[in-house]
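This report concerns only the one structure given below.
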């Protein structure tokens, strides 16, 4: 190793290697699942040490950009938004007082994404019959009647809607923020029987509006379907503020 290289902090060398590997993937138009060069080949191609390559690959694996398969080599990862989900979910778990704010922000982003695709959905789904979505709504209605939550059916419903507009990144974002929602909401206890029934009914209204091609009704049902959880979050926030005030007194 040259004297100049030894004076560069290891952290900076690793970060530089991370950026070089990312640039290599882009430059060679590699796709998820494509193999990456061996460790020795990366060292030679990038002009860096094995230590820098190993640490860079470790960081990229944590971001789902690289998939290390022991005994087989390294490959381009799925490039999912899983690290985002893990990070925000852990942030809320780390600070018990932060979970309400995290969920409130997630709900706001989810609603913005759903409303953003309303026009496209109404145009694409007009006049169609979607038995898969109908079954998911029926599951929600059945669970709601029993007073049981339906997070998985709800998540799948929104993911399927997002996929119908043909934008993979949009669908990934919808799913990612729903995963964060799923991580946080069980700790809040906001799914009362009344909320469940109202939410299930509004999903039915969303589906019917989309199949009718009625974008105004779709937007209204989409906005309304976030109302119960927003109300629950507001009540929970006021309750916590009251408890904090009482404790301080």
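List of remarks:
- Residue within the range 230-249 that is closer than 18 Å to residue 112 by Cβ and modelled with pLDDT under 85 present: yes
- Taking the range 73-150 and the helices (runs of 4 or more DSSP H) fully enclosed by it, the elements with 1 or more residues that are at pLDDT 70 or above and surrounded by 13 or more Cβ atoms within 10 Å (Cβ to Cβ) are at 99-116, 118-125, 131-145.
- Pairs are defined by a Cβ separation below 6 Å, a sequence spacing of at least 6 or placement on different chains, a first member in the range 160-181 that is part of a loop (DSSP other than H, G, I, E, B), and a second member that is at pLDDT 75 or above and surrounded by 19 or more Cβ atoms within 10 Å (Cβ to Cβ); the pairs so defined are 165/117.
- Subset tally (residues that are in contact (Cβ under 8 Å) with a residue 60 or more places away in the chain and at negative phi) for the range 104-135: 21
- Residue pairs meeting the criteria (Cβ under 8 Å; at least 6 apart or on separate chains; first assigned by TED's automatic domain parsing to the domain that holds residue 153 and at pLDDT 95 or above, in the range 190-208; second in a loop (DSSP other than H, G, I, E, B) and surrounded by fewer than 17 Cβ atoms within 10 Å (Cβ to Cβ)): 207/130
- Extreme residue, farthest from residue 140 (Cα to Cα), among residues of the range 209-228 that are assigned to a helix (DSSP H, G or I) and at pLDDT below 90: 227
The values are calculated or read from the model by the stated rules, or taken from the named source; none is laboratory data. This is a predicted model, so every value here is computed, not measured. FYI the Cβ positions are ideal-geometry reconstructions off the backbone, even for glycines, and counts take in every protein chain you see.
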